[in-house]
Amino acid sequence: MIRSPLRLAIVALASVFVASVSALSAEADWPQFRGPGGLGIGAGKPPVEFGPEKNLLWKIDVPRGHSSPCILGQQVFLTGLDDGKLVTFCVDRKDGHELWRAAAPVEKIEPMHRLASAASPTPCTDGKRVYVYFGSLGLLAYDLDGHEQWRVPLPTPVVEFGTGASPLLADGKVVLVCDQDVGSYLLAVDAATGKQAWRTERPEFLRSFSSPFLWKHDGMEEIVVAGSLWVRGYDVKDGHELWSCQGTARVANATPVAGDGMLLVSSWNVGGDDSDRVTMAPFEEFLAAHDENHDGVLTKDEFPPGPVRDRFSQMDVNKDGKVTREEYLHMHDMFAQAVNQMFAIQPGSHGDITKTNVLWSVAKYLPYVSSPLCYNGRVYAVKSGGLASCYDEHTGRIVYQAERLGAPGDYYSSAVAADGRVYVASQKGTVVVIDAGKDVTQLKVLARNAMGEQVFATPALVDGKIFLRTEKHLFAFGEK
């Protein structure tokens, strides 16, 4: 068929329009923990000043939980613990009214830390389904109307602090890391069916709570997992290990993130600073001094008070109430080798890249749980207590370090950014907005926004709006 010039022009314009709408839709989504690509970078011009009575678009009651908003089009997905039931629910982005809710068939809620939640992992979506993970059950997939598509029951992680890592979408697979006190693994299942694609065992890793990150560079993709003592890269296709870099803490909480041609990894935990390192005596010496019943193993009562005894449950990996020589030596080596630092890795090597691919590192004023952010050529990090630091992304040069945000307390929420500003929320419920201009040479706080409730979840910045989950509510803020 011969097409007229006018018809061809109309088809061309329609193609441009569809492409523009698709690009706009992609920018207007927040499909996983820390948004597009897991980078923490949003779109539009979110308000600087906001709160329960300022620039509020809507506010709704939500079940308690620490998962962050996952946004697709006009749908916002969250999880929560409601009257003893673990639920996934969806609300309308325009006004917050609930569209659907589905309860997971959980028989028993996993144990957890007093500050943790059984609904901590953030959902993710590929535009076809929404995927959630509960440590008390396993993986679940729902269609966008809330109908269950498949489930993959998994054993409750062997750790008394609860589950923290969020699922990740990569190459048509849902990827989950489960680092626990015994039997750690990295799992990938087919996103359409839930069937196992591959599983990689990680027996040398103990508990960590960092989420996996999909690192895209040089035309390839790889899955990065920060765990105890090491961070590793894995092939998306089959899960085999590509590279490994030593230099993380005993327990990793923060999730890696990518910058311009590099990967940024941050971890801090008790006993890993050179000035405050926890040490353990040789096993035979310790056994001779403290094995009161001379049975060759150690119970918690046989440990003297202190930081080692406080971590008895971590040493007792099989949870039989006794620490063997092997378990003791494992923890001994963990304390000796742990490194608290934030460091940048360049791509391009395989095997152990510890001595070859680390570009720069800093060892002071590190985040504990809050993940750092790469934005506008800078790295932003917030240490608990409300101390903000900023570094040059490529060199690690200090722009400013340990500057007070004026919002003390712990920081479990991770930093996000949009329109030249960084947003970070304290546990006590103050969202601090920082000037992230390329020419800024010292900390400049633009606003401190008090929510009146605790905040553990990371905000979503979408299309000039802020979606923030607090202890009891979900807020949407925007310029009216």
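Before moving on, here are some points about what is shown:
- Residue that is surrounded by the most Cβ atoms within 10 Å (Cβ to Cβ), among those in region 388-406 that are among the small types (Gly, Ala, Ser) and either under 22 Å from the mean Cα position of the chain (by Cα) or modelled with pLDDT under 95 (or both): Ala388
- Qualifying residue in region 324-342 (condition: more than 30 Å from Gln32 (Cα to Cα), open to solvent by 60 Å² or more (accessible area, probe 1.4 Å) and among the β-branched types (Val, Ile, Thr)): no
- Count of residues meeting criterion [open to solvent by less than 30 Å² (accessible area, probe 1.4 Å), under 17 Å from Arg448 (Cβ atoms) and not in a loop (DSSP other than H, G, I, E, B)] in region 47-71: 1
- Evaluation of Ser22 against (1) of a type outside the set (A, V, I, L, M); (2) at pLDDT 95 or above; (3) open to solvent by 30 Å² or more (accessible area, probe 1.4 Å) (one fails), failing number: (2)
- Qualifying position, being free of Cβ contacts under 8 Å to residues at least 24 places away in the same chain, within 30 Å of Ser384 (Cβ to Cβ) and not in a strand (DSSP E or B), among Asp301, Asp310: Asp310
- Taking the listed residues Leu287, Leu264, Leu242, the one that is of a type in the set (A, V, I, L, M, F, W, C), under 23 Å from the mean Cα position of the chain (by Cα) and either assigned to a helix (DSSP H, G or I) or farther than 27 Å from Asp392 by Cα (or both) is Leu242, with no other qualifying.
- Tally of residues being more than 14 Å from Gly386 (Cβ to Cβ) and in contact (Cβ under 8 Å) with a residue 12 or more places away in the chain across region 438-448: 6
- Val158 being of a type in the set (A, V, I, L, M, F, W, C) and touching a Lys or Arg at 6+ places or on another chain (Cβ under 9 Å): yes
- Subset of region 347-361 (residues that are of a type outside the set (Val, Ile, Thr) and either assigned to a strand (DSSP E or B) or surrounded by fewer than 15 Cβ atoms within 10 Å (Cβ to Cβ) (or both)): Gly348, Ser349, His350, Gly351, Asp352, Lys355, Leu359, Trp360, Ser361
- Leu176 vs. criteria surrounded by 23 or more Cβ atoms within 10 Å (Cβ to Cβ) and of a type in the set (A, V, I, L, M, F, W, C): yes
- Residue match in region 417-437 (condition: surrounded by fewer than 21 Cβ atoms within 10 Å (Cβ to Cβ), free of Cβ contacts under 8 Å to residues at least 24 places away in the same chain and within 22 Å of Ala252 (Cβ to Cβ)): no
- Strands (runs of 3 or more DSSP E) within region 78-171 that include 1 or more residues open to solvent by 50 Å² or more (accessible area, probe 1.4 Å): 85-92, 98-103, 148-153
Yes or no, residue by residue, for (1) buried (at least 24 other Cβ atoms within 10 Å of the Cβ); (2) on the phi < 0 side of the Ramachandran plot; (3) polar (S, T, N, Q):
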site	(1), (2), (3)
Asp439	no, yes, no
Leu446	no, yes, no
Gln454	no, yes, yes
Val462	yes, yes, no
Lys480	no, yes, no
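- If you check Val278, Val251, Val224, Val270 for being touching a Leu at 6+ places or on another chain (Cβ under 8 Å) and either assigned to a strand (DSSP E or B) or surrounded by fewer than 24 Cβ atoms within 10 Å (Cβ to Cβ) (or both), only one passes: Val224.
The values are calculated or read from the model by the stated rules, or taken from the named source; none is laboratory data. Computed from a predicted structure; not experimentally measured. Because the Cβ atoms are built from the backbone with ideal geometry, glycine has one as well, and the counts that use them run over all protein chains shown. With ligands, DNA and RNA removed, areas are computed over all heavy atoms of the protein, side chains included. Shrake-Rupley method; radii C 1.70, N 1.55, O 1.52, S 1.80 Å.
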